[in-house]
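Here the structure is laid out as structure tokens; the discussion comes afterwards.
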Amino acid sequence: MAVEVILPKVDMDMSTGRISSWLVEEGATVKKGDLLFEIETDKAAMEIDSPAAGIVRNITGKEGIDIPVGQVVAWIYEEGEAVADAPVSAPAEAAAEAPAKAEAPAPVEAAAPVAAAPAATAEASSGVRASPLARRLAKEAGLDLSAIAGSGPKGRIVKADVEAAGKDGGAKAAAPAEAASAAASAPQAMSDDQVLKLFEEGSYELVPHDSMRKTIARRLVEAKSTIPHFYLTLDCEIDALLALRKQLNDAAPKVKIGDGEKPAYKLSVNDMVIKAHAKALAMVPDANVSWTENAMVKHKNADVGVAVSIPGGLITPIVRRADEKTLSAISNEMKDLAARARSRKLKTEEFQGGNTAVSNLGMFGIKDFAAVINPPHATILAVGAGEQRAVVKDGEVKVATVMSVTLSTDHRAVDGALGAELLAAFKQVIENPMAMLV
């Protein structure tokens with residue numbers, strides 16, 4: 001019996017994905033676990049395994065186009081099994097609105113595809129797996145399907161799930177009046193037509209947004225709309241840090257690479273900033289938190305995300321337990337994460353989560369800036385360029401290398417005084433860098 005191959009959800013924010021390349025052809029024989037295709041999300045490229053052994057048929061997932069999560073992209077048939085026509089995709093909205101006379105039986109994983117199966121394609125293209133009757137009942141009850149846990153095969157939402165959600169009220173959608181009121185009071189962005197009318201026709205070209213840029217835009221709006229940002233800035237003298245960095249790099253042992261040798265590590269200022277920020281969070285544990293509506297999440301370690309620029313946007317791979325790692329370990333890990341981030345080869349767990357983040361634009365000569373917090377983080381440290389400035393010490397003007405840093409905090413979780421304590425701890429570590437070696 002045939003088994004469906006669906007486009008999986010490999011990223012928390014993923015609603016669509018693109019198949020960058022099929023690794024098998026129509027009619028190929030595969031074993032369970034063999035690689036079928038590679039998908040490109042807004043942040044990474046991932047290889048997808050075959051869910052069963054058999055022959056690949058009805059490859060409907062085209063390369064290079066946005067495909068909704070959960071949509072069937074191919075089928076795996078048993079040897080000698082008759083091949084049915086591939087189901088024709090129908091718009092999700094149309095399928096959801098279609099009347100259902102009775103609860104459709106939940107599809108079994110091994111069920112063969114048939115042409116008259118709009119419910120399956122509808123639930124796949126909408127990203128929520130639900131039977132037609134469950135969709136209709138949810139709509140009539142004003143329930144949000146995405147907030148209902150499905151008990152059917154592969155998490156499919158069935159009639160009983162909708163009825164249970166209606167009793168506890170947890171999946172209640174906003175009432176029309178409330179939704180209309182909220183929409184009316186929310187500030188409205190200019191439409192595409194309104195923007196384009198401001199410019200002379202022919203004086204521009206339109207470059208469509210890719211999925212990464214759309215996700216970045218959505219998350220930035222979400223972050224600035226839902227997180228009350230609070231900013232703190234101070235200057236750090238980094239001459240001692242630069243001297244220690246040179247000393248450590250000069251003392252790095254050599255390792256054999258092919259016919260030659262290279263240093264076992266090469267520390268950057270950013271590596272030392274990551275370590276200093278992690279140690280500061282360990283020194284001020286009340287700032288190492290994440291906000292939820294019901295409780296403060298106090299983290300036991302400092303998992304530091306580091307903003308990495310990649311073509312078309314940025315991604316924030318995470319150095320886990322940075323407070324416990326040596327500078328050389330952080331340095332080598334960051335080089336590996338950054339390289340794989342730029343080639344979109346990061347695993348999902350390598351860029352999701354974390355407690356805080358560091359964004360460094362010093363290499364571009366930026367003196368100071370304020371970064372946007374990346375949920376669920378409560379803080380992000382923006383790092384500017386180190387530059388020689390005149391400073392007053394003991395009544396005398398002297399020259400020192402100074403780096404400006406700005407801490408953005410979620411004021412619900414880290415208020416002004418606590419944020420100032422955290423930034424002061426960071427300054428203490430960065431200006432006394434031997435503390436990073438302890």
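The values are calculated or read from the model by the stated rules, or taken from the named source; none is laboratory data. The structure presented is a predicted model; accordingly, all values stated were derived computationally and were not measured. With ideal geometry, Cβ positions are generated from the backbone for all residues, glycine too; neighbour counts draw on all protein chains shown. Note: accessible area is taken over every heavy atom of the protein model, side chains too, but ligands, DNA and RNA are not part of it. Shrake-Rupley method; radii C 1.70, N 1.55, O 1.52, S 1.80 Å.
Here's how it looks for Val5: its modeled amide H is under 5 Å from those of Val73, Ala74, Trp75, Ile76, which are all 5 or more places away or on a different chain.
Solvent exposure of Arg219, expressed as accessible area, is near 40 Å², computed with a probe of 1.4 Å over the protein chains only. Between Leu196 and Leu220, the distance separating the two model label sites (each 7 Å from Cα on the Cα→Cβ line) works out to 2.2 nm. What list of ³J(HN,Hα) values in whole Hz, one per residue of segment 49-65 in order, does the Karplus curve 6.51 cos²θ - 1.76 cosθ + 1.60 (θ = phi - 60°) give from phi, with Gly and Pro shown as x? Result, ordered by residue: 8, 6, x, 7, 8, x, 10, 7, 9, 6, 6, 9, x, 7, 6, x, 10 Hz.
Accessible area of Ser146 (1.4 Å probe, protein heavy atoms only, ligands and nucleic acids ignored): about 80 Å². When only Cα pairs below 8 angstrom with a gap of at least 6 residues are kept, segment 385-438 shows a relative contact order of 21 percent.
Within the same chain, aspartates and glutamates fewer than 8 places from Lys393 are excluded, and of the rest, those with a Cα less than 16 Å from its Cα are Asp235, Glu237, Asp239, Glu431. For Lys159, the lysines whose Cα falls under 26 Å of its own Cα, not counting residues fewer than eight places away in the same chain, are Lys9, Lys101, Lys139, Lys167, Lys172. Considering all C-alpha pairs of segment 190-329, those separated by over 18 Å amount to 75%. Going by the alpha-carbon gyration tensor, a ≥ b ≥ c the square roots of its eigenvalues, is segment 282-438 rounded (a/c under 1.5) or, if a/c is not under 1.5, prolate (a/b greater than b/c) versus oblate? It is oblate, given that a/c is not under 1.5 and a/b is not larger than b/c. For segment 242-373, the relative contact order comes to 22 percent (Cα pairs under 8 Å, sequence separation of at least 6).
Of all aspartates and glutamates in the structure, those lying under 19 Å Cα to Cα from Lys214, and not within fewer than 8 positions of it along the same chain, are Asp11, Asp13, Glu40, Asp42, Asp66, Asp192, Asp193, Glu205, Glu222. The share of alpha-carbon pairs in segment 1-55 lying farther apart than 20 Å comes to 25%.
What a 1.4 Å probe finds exposed on segment 272-409 is 53% carbon and sulfur by accessible area, rounded to a whole percent. Measuring with a 1.4 angstrom probe and ignoring ligands and nucleic acids, Tyr265 comes out at about 40 Å² accessible.
Using a cutoff of 8 angstrom between alpha carbon atoms and counting only pairs six or more residues apart, the relative contact order for segment 346-438 works out to 23 percent.
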